[in-house]
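One structure is given below, encoded as structure tokens.
The values are calculated or read from the model by the stated rules, or taken from the named source; none is laboratory data. Computed from a predicted model, the values in this text were never measured in an experiment. All Cβ positions, even for glycine, are placed from backbone atoms using ideal geometry, and neighbour counts span all protein chains on display. SASA here: full protein model, heavy atoms, side chains in, ligands and nucleic acids out. Shrake-Rupley method; radii C 1.70, N 1.55, O 1.52, S 1.80 Å.
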Amino acid sequence: MAERVPFVTHQTFIGGRWRDAASGQRLPLLNPSDGSALAEIARGSADEVDAAVRAAQAARDGEWGRLTAAERGRALMAMGRKVLERADELARLEALDVGKPLRQGRADALALARYLEFYGGAADKIGGETIPYLNGYTALTWREPHGVTGHVVPWNYPMQIIGRSVGAALAMGNACVLKPAEEACLTALAIGRIADDCGLPAGALNIVPGLGEEAGAALSAHPGVQHLSFTGSVATGRLVQAAAARNTVPVTLELGGKSPQIVFADADLDAALPYLVNAGIQNAGQTCSAGSRILVERSRFDEVVQRLAQRVRALKAGPALADLDLGPLISQRQHGIVSRYLDLARDGGLAIAAQGEIVADAPAGGFYARPTLLAGVTPDHALAQEEIFGPVQVAIAFDDEADAIRIANGTPYGLVAGVWTRDGSRALRMARALRCGQVFVNNYGAGGGVELPFGGVGASGHGREKGFEALYGFSALKTVAILHG
Ligand code: NAD
């Protein structure tokens with residue numbers, strides 16, 4: 001299945017110009033559905049990062065920095081319209097590059113358009129306040145861009161993550177340097193082309209593909225960057241935060257999770273079951289907010305596991321463009337990680353309650369994993385504690401509300417949680433007690449909600465993106481006190 005990508009992919013986008021990396025070096029991108037070569041990308045280095053930061057600074061000092069908030073908003077909305085026009089093409093690119101089912105690629109393209117519309121519309125609606133102060137004074141605040149913002153993003157939802165972080169940063173008037181992931185960055189480059197086509201002023205958005213330890217580390221450490229937005233693993237997040245600390249700049253960390261979906265005995269199971277499974281297999285489980293732990297009140301545990309198992313057995317994994325329930329994992333490496341967790345389950349004698357299938361005609365070179373439900377896992381087991389980042393869910397029984405809270409809060413992570421109950425008071429008590437950044441009651445929104453502030457606590461990170469909250473994060477508040485008598 002040799003696929004053609006409809007544009008040149010091996011260049012960086014710096015200061016409005018497409019150019020090769022100075023070293024001429026490139027990195028291969030593989031198609032996860034069959035392991036074939038999909039494209040080559042530039043191997044950007046510290047030199048390209050430095051050029052990109054300078055271009056961004058020049059944009060801030062130049063045309064981009066002179067635009068009014070309304071003009072910036074219009075520019076973002078123009079990009080949003082272009083994304084909608086090209087949604088099918090972007091969906092296909094994302095599906096090929098990440099290995100996700102085509103309809104998920106389409107959902108991601110539409111989410112990108114929504115982010116650009118939302119932040120485009122919000123750009124001129126963020127003001128400050130006047131503050132009652134001493135007699136004879138007028139005190140007021142306004143919001144200013146940080147300046148140059150660095151954005152390091154992972155491979156699992158490139159369009160959504162770029163939309164939410166770059167979209168918000170541009171809306172507030174920052175100029176951005178984006179370092180997409182080396183495993184998947186075709187839609188990041190496509191977004192650069194859309195910005196170019198829409199006439200976004202040169203240098204407002206710069207893109208430097210490359211390796212994390214090279215381009216990513218150089219961007220995180222660059223003294224010309226005034227704010228860092230990092231989405232990825234905990235280990236890398238710590239490195240980025242340390243680099244930010246050396247330059248005393250703020251950093252938003254959107255890291256991993258081991259999010260619980262908590263099912264009480266009074267839950268509407270017919271409504272819950274599709275969510276419970278989908279939150280675990282969406283994007284082949286490679287979702288930061290995957291609902292990977294299913295906590296069920298003991299009196300209905302066996303029934304829920306049995307009904308979940310029925311659904312899991314019916315799941316089919318196959319090539320992205322076949323648009324089945326799930327596609328392959330991103331890489332051979334990720335496949336190895338998921339396989340090791342399944343070996344751990346087998347070696348520990350854990351019950352595999354159900355597995356879905358890999359379709360017979362899935363190409364042998366693809367990185368497929370069978371969706372798997374494990375039952376009878378103790379809350380402190382590695383499989384119930386660690387982020388697997390694959391289509392593996394564990395079911396755990398709990399006794400009462402207090403027990404559910406203890407188990408739910410009992411990992412280092414705290415990103416998202418779901419609560420299923422018909423008892424409104426209990427839903428509110430749970431929402432208050434859960435240690436995480438988002439709680440969904442009688443639904444689950446893995447990745448969703450352009451309007452909803454998103455981010456974690458603990459090992460899941462800090463800072464918030466999405467919604468209006470992101471606009472505060474991507475700006476600095478200035479207070480002005482005027483003595484006029
Ligand atoms: P990763 O940390 O390996 O890579 C993420 C990005 O960081 C990539 O662009 C990579 O090139 C770059 N990078 C790697 N080393 C770097 C370094 N030394 N300095 C600077 N940048 C570096 O993460 P991953 O394995 O690609 O992504 C999966 C992780 O991301 C999971 O833990 C997942 O939960 C998390 N994630 C979180 C969110 C969220 O919003 N909270 C969203 C998606 C993914």
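Report whether or not L211 is under 26 Å from V457 (Cα atoms) and either modelled with pLDDT under 95 or surrounded by fewer than 21 Cβ atoms within 10 Å (Cβ to Cβ) (or both).
Numbers: under 26 Å from V457 (Cα atoms): no; either modelled with pLDDT under 95 or surrounded by fewer than 21 Cβ atoms within 10 Å (Cβ to Cβ) (or both): yes.
Taking the combined requirement at face value, the residue does not satisfy it.
Name the pairs whose Cβ atoms lie under 7 Å apart, with the first residue in the stretch 419-438 and more than 25 Å from T252 (Cβ to Cβ) and in contact (Cβ under 8 Å) with a residue 12 or more places away in the chain, the second small (G, A, S) and surrounded by 22 or more Cβ atoms within 10 Å (Cβ to Cβ), and 6 or more positions between them or separate chains?
So the pair list comes out as W420/A267; W420/A272; T421/A267; R422/A267.
Tally time: how many residues in the stretch 163-173 are open to solvent by less than 10 Å² (accessible area, probe 1.4 Å) and within 11 Å of the ligand (Cβ to nearest atom)?
Within the stretch 163-173, residues that are open to solvent by less than 10 Å² (accessible area, probe 1.4 Å) and within 11 Å of the ligand (Cβ to nearest atom) number 1.
With the condition kept exactly as written, say whether any residue in the stretch 40-54 is surrounded by 24 or more Cβ atoms within 10 Å (Cβ to Cβ) and assigned to a loop (DSSP other than H, G, I, E, B).
Yes, the conditions are met somewhere in the stretch 40-54.
Write out, first by first residue and then by second, each pair whose Cβ atoms fall under 6 Å of each other, whose residues are 6+ apart or on separate chains, and whose first residue, in the stretch 157-179, is in the same structural domain as P209 (by TED's automatic domain parsing) while the second is of a type in the set (S, T, N, Q) and surrounded by 24 or more Cβ atoms within 10 Å (Cβ to Cβ).
Matching pairs, first to second residue: P158/T187; M159/T187; I161/T231; S165/S229; A169/T149; N174/T149; C176/T149; V177/N206.
Scan the stretch 305-321 and tell me whether some residue there is under 26 Å from P379 (Cβ atoms), within 16 Å of the ligand (Cβ to nearest atom), of a type in the set (G, A, S) and not in a loop (DSSP other than H, G, I, E, B).
As a first pass, look at the stretch 305-321 and keep what is under 26 Å from P379 (Cβ atoms): 305-313, 315.
Those left that are additionally within 16 Å of the ligand (Cβ to nearest atom): none.
Scanning the stretch 305-321 turns up no residue that is under 26 Å from P379 (Cβ atoms), within 16 Å of the ligand (Cβ to nearest atom), of a type in the set (G, A, S) and not in a loop (DSSP other than H, G, I, E, B).
Across the stretch 432-485, what is the number of residues that are open to solvent by 20 Å² or more (accessible area, probe 1.4 Å), in a loop (DSSP other than H, G, I, E, B) and over 22 Å from Y413 (Cα atoms)?
Qualifying residue count for the region: 4.
Which numbered condition in (1) surrounded by 19 or more Cβ atoms within 10 Å (Cβ to Cβ); (2) on the phi < 0 side of the Ramachandran plot; (3) polar (S, T, N, Q) is the only one that N283 fails?
Single failed check for N283: (2).
Would you call L273 among the hydrophobic types (A, V, I, L, M, F, W, C), modelled with pLDDT of 95 or more and part of a loop (DSSP other than H, G, I, E, B)? Can you show your working first?
On the way: among the hydrophobic types (A, V, I, L, M, F, W, C): yes; modelled with pLDDT of 95 or more: yes; part of a loop (DSSP other than H, G, I, E, B): no.
Criteria not met by L273.
Looking at the stretch 174-200 only, could you name the residues that are open to solvent by less than 10 Å² (accessible area, probe 1.4 Å), touching a Phe, Trp or Tyr at 6+ places or on another chain (Cβ under 9 Å) and more than 16 Å from the ligand (Cβ to nearest atom)?
N174, A175, A190, A195
Scanning for something of a type in the set (S, T, Y) and over 28 Å from the mean Cα position of the chain (by Cα), does the stretch 337-346 turn up at least one residue?
The answer is no; no qualifying residue exists.
Considering only residues that are away from the ligand (no atom under 13 Å from the Cβ), on the phi > 0 side of the Ramachandran plot and in contact with a Ser or Thr (Cβ under 9 Å, 6 or more places away or on another chain), which ones fall in the stretch 438-478?
N442
Show the residue pairs that are 6+ apart or on different chains and have beta-carbon atoms under 7 Å apart, the first residue being within the stretch 337-366 and at negative phi, the second being polar (S, T, N, Q).
Within 7 Å, the pairs are L342/T372; I352/T372; Q355/T372; P363/S33; G365/S36; G366/S33.
Give the residue, chosen from R4, R74, that is farther than 24 Å from S220 by Cβ, outside the structural domain of G167 (by TED's automatic domain parsing) and open to solvent by 40 Å² or more (accessible area, probe 1.4 Å).
Numbers: R74 fails: outside the structural domain of G167 (by TED's automatic domain parsing).
Result of the check over R4, R74: R4.
Residues of the stretch 281-303 being among the hydrophobic types (A, V, I, L, M, F, W, C) and either modelled with pLDDT under 95 or within 12 Å of the ligand (Cβ to nearest atom) (or both), which ones?
Looking only at the stretch 281-303, we keep the residues that are among the hydrophobic types (A, V, I, L, M, F, W, C), and these are 281, 284, 288, 290, 294-296, 301.
Passing the criteria: C288, A290.
If you take just the strands (runs of 3 or more DSSP E) that sit entirely in the stretch 202-256, which of them hold at least 1 residues that are away from the ligand (no atom under 12 Å from the Cβ)?
Details: elements: 205-207, 227-231, 251-254.
Here the list reads 205-207, 227-231.
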